[in-house]
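Here's the structure, in structure tokens; my notes come after.
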């Protein structure tokens, strides 16, 4: 018996040693990847301490020994762009072959929902999808995760662009990459590490946050609370939640609640899909059903459409006209689920949508539901009902902060692991989540750019930022605006080198925080890349940018750079300027273009001091240059 135990122990030790000895690479070094051309490229991973690892690719062959912790890194010499794919081979005590590898231009995209927003929800989506046959464009989506410490790997995979894969790509990244590819005919790699509804704080490292005492004022979760991140992570996994309720099965389906002829006389009528707690007017954990009786216009018959709803806790199952169309789990409010209702189930007139929700803790069901067809939201007349399938005792769980508010958590899990991956530059589209405190955002954004550059050991990495689009209601008179203030903070990224902004105040939608015209925003980003990175120095990449202001009697002259062919876009009077005296009571101004400047005045203001342009949530403005790029919003008062 003792001999048998010794043999088993030796075998276990041998197997453990073999497993530990295997050379491993992170998920981003995988089939279909694109390596950055013209720059040193890192290939890295894990092995046994002191194990020799060899990397062979594109005529290069390099060997290194893993350090005492088993980490290794090999730097490939700069390579030319290559449209012919090849295999990258990694050899240690085992062999790894990474297939279908290209060398081209690699860009990282990050931020909140407008960066995450999929290409399936943009303008002309049908035509765009059918045309998306670009095998030299590749996309890597970093799986959403959080961590209390910097991680060394992520989950995700590279996919080759095709009509079947493109709808799931980040729209901003796809159209940006497509524009570059059309111009350069070089492979393009797009890394999408983004998450909707996030502020900038989770994307900053803890070291950056700790280095500036002012940042504590802009952190919605105090440090003593987000120290509970370890506990919070534990609650992501159902198997580690023994104190929580477990779903005992879909009894509603067994009783036919999903069927179109289900008797609803004992269902409660509600205004719409909503959180269970609101519908029931009490705390609720368990399984609840919502039933929507939708009236479809005749032109919707046999046509696909999509539904999405606010993040839910735990699980949901969706039925349409009695047929199950989707189910899944959604832990800790990660993302907005979005699902297709097949056209074959859609008929003119009355249609029945039923959704079963199960929540082990926290809010049940979902706060609201949205129907859409490509980029267009659909409005259906509907009656809604709900019914409890099973109610459980309220789960006793810690009162934990939303993970989107945990400073450093997304940087640790979704940026730090890919810092060694060489890229040409970074695109950033975020800011909606910081409009409540715009003043501190300028410094945070600058720190994000410089710290990400330092972490990647690319001190001159280009960082291009999308300004907030026009959104909400038009104001009849000049007024203060946190959105305008946030745009100003975003524009201050230009104070550090190798940066640019893409103005979006003319492509937004008053009632949609996710404007569908991602194509134009991406085009403007690509102009900056082509100008700065790809040698097209004569290419204009920016709209008119405020340069100086000088008082000339009862008028103020505003000078601009990037002002060739300064004009009003529609050929009419220049709109969007406001003027004020020392009291800063702004009124609308007359504006006359004179060369590279605009002379601003108001007949009732004899002693002007300050000017603002496009200073509103949704500004009415029309100043452009000859390249049809809009002027950057600004103010001269501080």
Only bridges with both residues in the chain count here: give the DSSP antiparallel percent, nearest 5. 80
May I ask you to sort 161, 533 by Cβ crowding, counting other Cβ atoms within 10 Å and putting the fewest first? 533, 161
How much length would be gained if the chain were fully extended between residue 472 and residue 604, taking 0.36 nm per residue of separation minus their Cα-Cα distance, in nm to one decimal? 44.5 nm
Take the alpha-carbon centre of the range 562-638, take the same for the range 273-322, and report the distance between them in whole Å. 47
Checking rank on 351-357, 206-212, with mean other Cβ inside 10 Å and highest first, the result is 351-357, 206-212
Estimate the FRET efficiency between residue 97 and residue 69 by the formula 1/(1 + (r/R0)^6), using the beta-carbon distance for r and 30 Å for R0, to the nearest 0.05. 0.75
Using the alpha-carbon centroid of each, what span in Å lies between the range 25-45 and the range 468-507? 35
Rounded if a/c is under 1.5, else prolate if a/b beats b/c, else oblate: with a ≥ b ≥ c from the C-alpha gyration tensor eigenvalues square-rooted, which is the range 545-635? prolate
Can you give the FRET efficiency to the nearest 0.05 for residue 567 and residue 182, using r as the Cβ-Cβ distance and R₀ = 30 Å? 0.65
The simple spin-label model distance between residue 39 and residue 344, using points 7 Å out along Cα→Cβ, in nm, is 4.7
Can you list the residues of the range 183-213 with backbone N under 18 Å from a point 7 Å past the Cα of residue 482, pointing along Cα to Cβ? 197-202
Rounded, prolate or oblate, given the Cα gyration tensor of the chain, with a/c below 1.5 counting as rounded? oblate
If you average the sequence gap of Cα pairs under 8 Å that are 6 or more apart and divide by the length of the chain, what percent do you get for the contact order? 13
Using 18 Å as the cut-off for backbone N distance, which residues of the range 109-141 belong to the label zone defined by a point 7 Å from the Cα of residue 326 along Cα→Cβ? 113-114, 116-122, 125-126
I need to check one value: relative contact order of the range 545-635, counting alpha carbon pairs closer than 8 Å and at least 6 residues apart, in percent. 34
Hey, rough spin-label estimate for residue 593 and residue 552, points 7 angstrom out along Cα→Cβ, what's it come to in nanometres? 1.6
In nm, spacing of pseudo-spin labels at residue 124 and residue 306 (7 Å Cα→C-beta vector): 1.8
Cα gyration tensor shape for the range 588-627, rounded if a/c is under 1.5, else prolate or oblate: oblate
Structure-based [θ]222 nm, the chain - -39500 (n - 2.57) summed over DSSP H runs of at least 4, per residue, nearest 500: -5000 deg cm²/dmol
What is the extension gain from residue 370 to residue 559, computed as 0.36 nm multiplied by their sequence separation minus the C-alpha to C-alpha distance, in nm to one decimal? 63.6 nm
The relative contact order of the range 413-513, taking Cα pairs under 8 Å that sit 6 or more residues apart, comes to a percentage of 36
Residue 378 to residue 60: FRET efficiency via 1/(1 + (r/R0)^6), r the Cβ-Cβ distance, R0 41 Å, to the nearest 0.05? 0.15
What whole-number distance in Å separates the alpha-carbon centres of the range 141-171 and the range 55-96? 23
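All of the numbers you see were taken from the coordinates with simple rules; none came from a lab. Here the structure is a predicted model, which is why all the values come from computation and not from measurement. A quick note on method: Cβ atoms are made from the backbone with ideal geometry, for glycine too, and the neighbour counts reach across all protein chains shown.
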